[in-house]
Structure formats: structure tokens, C-alpha cells
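The structure appears below as C-alpha cells.
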Amino acid sequence: MSHFQVALVGNPNSGKSTFFNQLTGLRQKTGNFPGVTVDIKEGKIKLPGGRTITLIDLPGTYSMYPTASDEKIAVAALTNRNHPGYPDAVIYVADATNLEKHLLLLTQISDLGLPVICVLNFADNAAAQNIQIDVPFLTEKLGIPCVLVSARSGENLASVLFELEKLADAKPKLPPQKPFYQFSDLENQVVEAVRLNLGIENPYLALLTAHHHEWLPHLSPDERLTVAAIVETKNFQSLRNQVDETLDRFEKFTPIIRNGVKTPPPFPTTATDKIDNVLTHRFFGPFIFAAVMLLIFQAIYDWSTVPMDFIESVFTKFGNFLQNTLPSGWLTDLLTDGVLAGLSGILVFVPQIFILFLLITILEEVGYMARVVFMFDKMMRRFGMNGRSVVSLISGSACAVPAIMATRTIGNWRERLVTVMVTPFISCSARIPVYAVLIGLAVPAVKIWGVFGLQSLVFGWMYLLGVLAAFGAGWVMKKILRSRETSFLAIELPVYRMPHWRNVWLTVGEKTGSFVFNAGKIILIISIILWAMASFGPGEALEKAEANATQLAQNQQLDSLATTDLIAAEKLEASWAGVLGKAIEPAIRPLGYDWKIGIALITSFAAREVFVGTMSTIYSIGSSKDDEKLLREKMRTATFSDNGRPVYTLATALSLLVFYALAMQCMSTMAVVRRETGSWKWPIVQFFVMGAMAWVGAWVVYSLFS
């Protein structure tokens, strides 16, 4: 039995992702098409007859005339039979409560000759609004099987599977309708010329090829030149014909919708309107948004305390168990002081990362994030961006990599480039472990007005610093970069809905798991390297350091524990790690940092969250074997080797916070910027500019508080 592949297609805000999760559940994975950086979800569906088929969730798009990069991915997949995402059939998801706006793309896909099932989603909302849908009428007039479902509750999903099975088994379906769109004389001439020269069978596919020949990836250079010559010879005006086609399609399917969907008279104001009057208020809206963000920061700290303490205790007990069970030697040291110390330094912050993803996902599910885009559009334009940039900036609080990919929804090249360049300023989840350690080290755990914790306020200020830096950099880039393109915001504001909790948990689980495993691989490698660098040194440097420390301990009559501490500290300073840290210490000493912090700064360029794992590794090797001491306690006792002064003063901690808030310390982000901009020019500029801002900002803060 041949493999059967189905594409899930629909407009943004049609409930497509929820529908995908309902059908596939945990039988899904995330990947990429060749040459594409946008995540594509793929899942397996078992049909009633026992056959398993593949479902691919293509990026949301409004029509076959895309205006953003991620929309082009969907169009490229639907117009190329050799594309890995080209489907045998299409499930088209449309909002049943707003059907007229969702049928443009459906009729275009139908004209491509692809078998289609139209899923009318939000049946529960339609019933609540007393919207009556004549499904058999729509099926007959559209010539497409239509099924009324609720992706949230799973209502009527069995009917979708039944229709899919008929398509998969190639059973007779409705008689083919004539194309929805009738070509003009000029379009007929262009279509025939393209079909003859490129061997394209479907007329509408030939027309789309004429429209998109400049960017369709499957066209060869010769084919691109051929179509370009046809377009120029026929004086084919692409934009004008797109508008004419869109208007013609609406004229044809709008009467069908009005006869097949009965809606009650509109109320003066709906519940959504009443909520929007408050949440999107010109004056109060931004303050409400700021309060929501502050509550998120407060939750990250308060809700995570118990699970973080539990994880810390588990790692401590496991480390003691290994040390007491395994024979002493380099392998045991590697496991306890290298691998375990590094992993524990990052995994302990998983609760905070999980809470951040959870709350952001809930805001997206209820429809609030779309309002944020609308509310801040005018303001964002002052800084070289637009309302859609807000989505990337807020997504950047989770991870800059997908946030930069999300800029593909921005059509204007300058606004997109500015957003790409400034998004790394937003404090991502990788910075959370660094903030948590340093804030817990330097800021007292007290309440202001008995409500807001001082630590959570400082945490919020670090996010605010990143936002201010992003806006400042955006304003400068707006002045430097010039663009003749005009941009506008076109966004659909969905009605407020309760979150679909299964969708929330799947999304949060996927993002948190991705963060943990991706960070874990990096940390494991760096922890092993750090352990090796801290355990070995040039020549006989370690042996000499141990001998000197032993003699010094005898002269000072230190006890066994203090002697062990001194020997470990002297050996670490003489190791390769100490050599590397001391090499860069002159450049970072003005910021209040010692050579140990220098090691952490270097390893953090692999990923910011490695800072905590690095410090855990360094201080577990460079101190006594009393594993009951936590990382913060070890850092509190750290002193400069030349003057004995404490390293981690308030000034140093705040300086480090500012450095990590502003510096570009993520190789993955730089790689994504290179892919999205098509050049190493922009990530290199980004790296040095952000690095300079971080150094100057950290120096100013250290000077003010020291």
C-alpha cells in the first residue's frame, strides 16, 4: 500500500495547530524541509480501517499570493510535485464563525486540482453565537466535502477521518466542479505559454508560476528566464491580476456563504469588544500589558521555589552517592565534578523556564498576543519595526532562534532586518539561570509593600534593560537604513477563547524539552572540556602548585579541610583553565571580574546558560568536596587571589547582569541570523556592537556601585 501524505492548510487563527494536535497527539515530530529553517510539524494518523497516514502542518497563509517568508513555504510545497511536503490530499481548516474570510485560499487549492476536505472549525463557538451552518449545502455548492468540527473538544473528528479514508482509498468523490476562477484573455495566453514551455498540466498552477517565477525554489534558472520572458512579452501585470482574481473569487463564494450560513443580527457590542475596550485602551492598555509581564516575572520566581529546591536536593544526594560508591579516580571526578556539576547547574532552572513558556503560551491561546501586536504597531514604527515585531520580541523572551525565524511574517525588508538585529537584546530563557544565580547572590529576598519581591523587580528590570536596548538600537538602525517600501499591518483579531489545555501542554512540553536537550548537549561537552582544562595543566604546573599549597598550609597550620581547599584552589589556578582565564583577565578586571568569571564568559559564547554550568564545574573542582554547599554559597566566599577582596560584591553581580543582558553570547542565534539575512555581515556587526555595549554598560554599573 503506497504512502499517503496529507497537508494541513489554513489561515492564521483558524485553529489549525489545535486540530493538528487533536489528530496526532504525541505521534508528532518537528523538522524542516530541505533549505528551510522554519519548523514544520509532522504527525501520524491511524484511519478507522487501520491504515496509517502522514499529516504535515504547513505554515498558515491567507492565500496563494504570500506576503511573508513563512507563507512562501506553504505555497512552495503546494506548487511542486517533487517537494517533500507535496500532499496527496489537503485538509483545509477554516473558522466556521468567520467563514467568508477563510475561503479564498480554499478555492485556490481546489483550482490546483488537489483533493480537499474542508474542516469547519469552532463548531462550539458557532453554536454559542447561534450561527447555523448548512453543511450539505456548502458541500454541494463548493464541490468539496465539508465537516463541522470543534478542534478544542474533538467533536466530529471521526467524520474527518472517514472522509480521509475515502480519499486515501481513492473511492469515488463528488463530481469535479469547474474552476472557481475563470481566466481573462490575457491570463489564458500567459497560462498556455507557460504550460507549453514548462510542461505544466494544471492551468492554475501555470498561472501561479507566472506570478511567482522570481522566487519559486523548484524552478531552474532556464525556466525562470523563460517565464520571465513570457510575462514581459505579454505585458502581464502580476499585482493587478492578483487583485482582480481575489475580487472575482469573493464574488463567487460570498453568495454561497450567505445562503449556507445563517447568522443572527449582530449585537451592538460582543464580549470580545467589551474586553478589547479595556485591554487595548489607548492609555490603560500598555500599563495592563506591563502589569501582565510583571506578574509573569513574579510567578517565575515564586512558583519555581519548591521544584528548584527538590531538583537541587536530588543532584546533591546523587553526587554524594556516586562519590561514596565509585572508586576514587579521574572517572569518578569527571562524573561528579564535570558532568553532574554542569548538568545540575542548568536543570535546576527548568521549573522557571517551564513557567515562562506556560504563561506565554496561554496568552497566545486566549488571543491576547494578537492584541499586543495591534496595540503597539504605531509605537514600534518609531523604532524601525512594526506591530508584528512585537511577536518576535516577546518570543525572544523564550528563545531568540525561533523569534528571529518568526520575523518571516514581516514583509518590509528594513523592518524585518531591524527586528532580526535587535531581538537578541530581549532576555531569553537561557539568561534566566544567570539572572537567578546573580540576583539570588546579590539582591536580598525582601518584599516591597509586602507584595512584590525585590528580586523579582530586579529580574523585571533586566528584561526592561533588554527592551530599552532593543528600541534604542532599532531607532539608530532606522536612521541608518533607508527603504522605499511602505508597510502596513493587516491582522485578524480572534475572539477571546479559553485555552485549549492539551494544545498548551503539548506546546510547552515541546519547547521546554527542546531547550533542555539542546542545552544539555552543549553543557555536557563544555563540562567535560572544562573538567579536563581544570584537571590538567602545562608541564608540572599542577604538581608544583600542590607542593606549594601543602607547604603553605603547614606554615599556616591549617586543618585538613582548609588544606584541601587551598590545594584545590592553587591547582585550578595553575591549570589550563586558569591560564586561559588569566589571559583575558586584564580586559575584564575593570568590570570587577576575576579569571574564573573570564572562563565562564568564554564558554558562554556557546550558549548563555552554560555560565551556570561552568561556574558549578569550576567551583566544585576549585573548592572542598563538601557537596552540601550550593553554588551561591561557593561564589559568596570567592576572593581575588592578589588582594583577598570578595569577587561577588553587589557591584560585580550587577555588572555581570548588565553584561549578560546586552552581550551576544549565543552561537546558535548568530547562525540563524546568518541564514535569515543571507550574509555573515550582519551577525558579525551584531556580535561586535552588542559586545561593545555590554562592556561599556557593565563598566558603568560597576563604577557606580563599587
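The values are calculated or read from the model by the stated rules, or taken from the named source; none is laboratory data. Keep in mind that what you see is a predicted model, and the values were worked out from it rather than measured. Don't worry about glycine lacking a Cβ; one is built from the backbone with ideal geometry, like all the others, and counts go over all protein chains shown. The protein model used for the area step is the full one, side chains on, heavy atoms only, and it has no ligands, DNA or RNA in it. Shrake-Rupley method; radii C 1.70, N 1.55, O 1.52, S 1.80 Å.
Computed values, structure above
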read-out: Count of residues meeting criterion [among the small types (Gly, Ala, Ser), at pLDDT 80 or above and buried (at least 18 other Cβ atoms within 10 Å of the Cβ)] in the stretch 274-306; value: 1
read-out: Residue that is closer than 19 Å to Pro66 by Cα, open to solvent by 20 Å² or more (accessible area, probe 1.4 Å) and among the hydroxyl-bearing types (Ser, Thr, Tyr), where the choices are Thr246, Thr209, Thr226, Thr233; value: Thr246
read-out: Qualifying residue in the stretch 441-456 (condition: over 30 Å from Lys317 (Cβ atoms), assigned to a helix (DSSP H, G or I), at pLDDT below 80 and in contact with a strand residue (DSSP E or B) (Cβ under 7 Å, 6 or more places away or on another chain)); value: yes
read-out: Selection status of Lys166, open to solvent by 70 Å² or more (accessible area, probe 1.4 Å), within 16 Å of Val116 (Cα to Cα) and modelled with pLDDT under 90; value: no
read-out: Strands (runs of 3 or more DSSP E) completely within the stretch 45-139 that count 1 or more residues being closer than 25 Å to Pro203 by Cα; value: 89-95, 116-121
read-out: Residue match in the stretch 155-165 (condition: among the small types (Gly, Ala, Ser), free of Cβ contacts under 8 Å to residues at least 24 places away in the same chain, over 24 Å from Glu251 (Cα atoms) and in contact with a strand residue (DSSP E or B) (Cβ under 9 Å, 6 or more places away or on another chain)); value: yes
read-out: All positions within the stretch 53-75 that are open to solvent by less than 10 Å² (accessible area, probe 1.4 Å) and closer than 14 Å to His213 by Cα; value: Met64, Val75
read-out: Pair list, Cβ < 7 Å and 6+ apart or interchain, from the stretch 307-336 residues that are at pLDDT 80 or above to residues that are of a type outside the set (S, T, N, Q) and not in a helix (DSSP H, G or I); value: Ile311/Val348
read-out: Failed criterion for Ile410 (all others in (1) surrounded by fewer than 23 Cβ atoms within 10 Å (Cβ to Cβ); (2) closer than 21 Å to Thr61 by Cα; (3) at pLDDT below 80 hold); value: (1)
read-out: Unique match (being hydroxyl-bearing (Ser, Thr, Tyr), modelled with pLDDT of 80 or more and open to solvent by less than 20 Å² (accessible area, probe 1.4 Å)) among Ser679, Ser703, Ser620, Ser655; value: Ser655
read-out: Listing of helices (runs of 4 or more DSSP H) fully contained in the stretch 348-401 that carry 2 or more residues being open to solvent by 20 Å² or more (accessible area, probe 1.4 Å) and of a type in the set (Phe, Trp, Tyr); value: 368-381
read-out: For Lys178: the one exception among (1) charged (D, E, K, R); (2) open to solvent by less than 50 Å² (accessible area, probe 1.4 Å); (3) not in a helix (DSSP H, G or I); value: (2)
read-out: Complete set of residues in the stretch 83-141 that are touching a residue at least 60 places away in the same chain (Cβ under 8 Å) and among the charged types (D, E, K, R); value: Asp88, Asp95, Glu100, Lys101, Asp111, Asp134, Lys141
read-out: Test: residue in the stretch 213-222 that is in a helix (DSSP H, G or I) and modelled with pLDDT of 90 or more; value: yes
read-out: Sole residue being hydrophobic (A, V, I, L, M, F, W, C), under 18 Å from Ser427 (Cα atoms) and not in a helix (DSSP H, G or I), chosen from Met693, Met664; value: Met664
read-out: Filter pass, Lys46 being of a type in the set (Lys, Arg), modelled with pLDDT under 90, farther than 20 Å from Glu163 by Cα and surrounded by fewer than 22 Cβ atoms within 10 Å (Cβ to Cβ); value: no
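Okay, residues lined up against (1) among the hydrophobic types (A, V, I, L, M, F, W, C); (2) modelled with pLDDT of 75 or more; (3) open to solvent by less than 40 Å² (accessible area, probe 1.4 Å):
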position: Ile522; (1), (2), (3): yes, no, no
position: Ser527; (1), (2), (3): no, no, yes
position: Ser535; (1), (2), (3): no, yes, yes
position: Ala569; (1), (2), (3): yes, no, yes
position: Ala587; (1), (2), (3): yes, yes, no
position: Ile602; (1), (2), (3): yes, yes, no
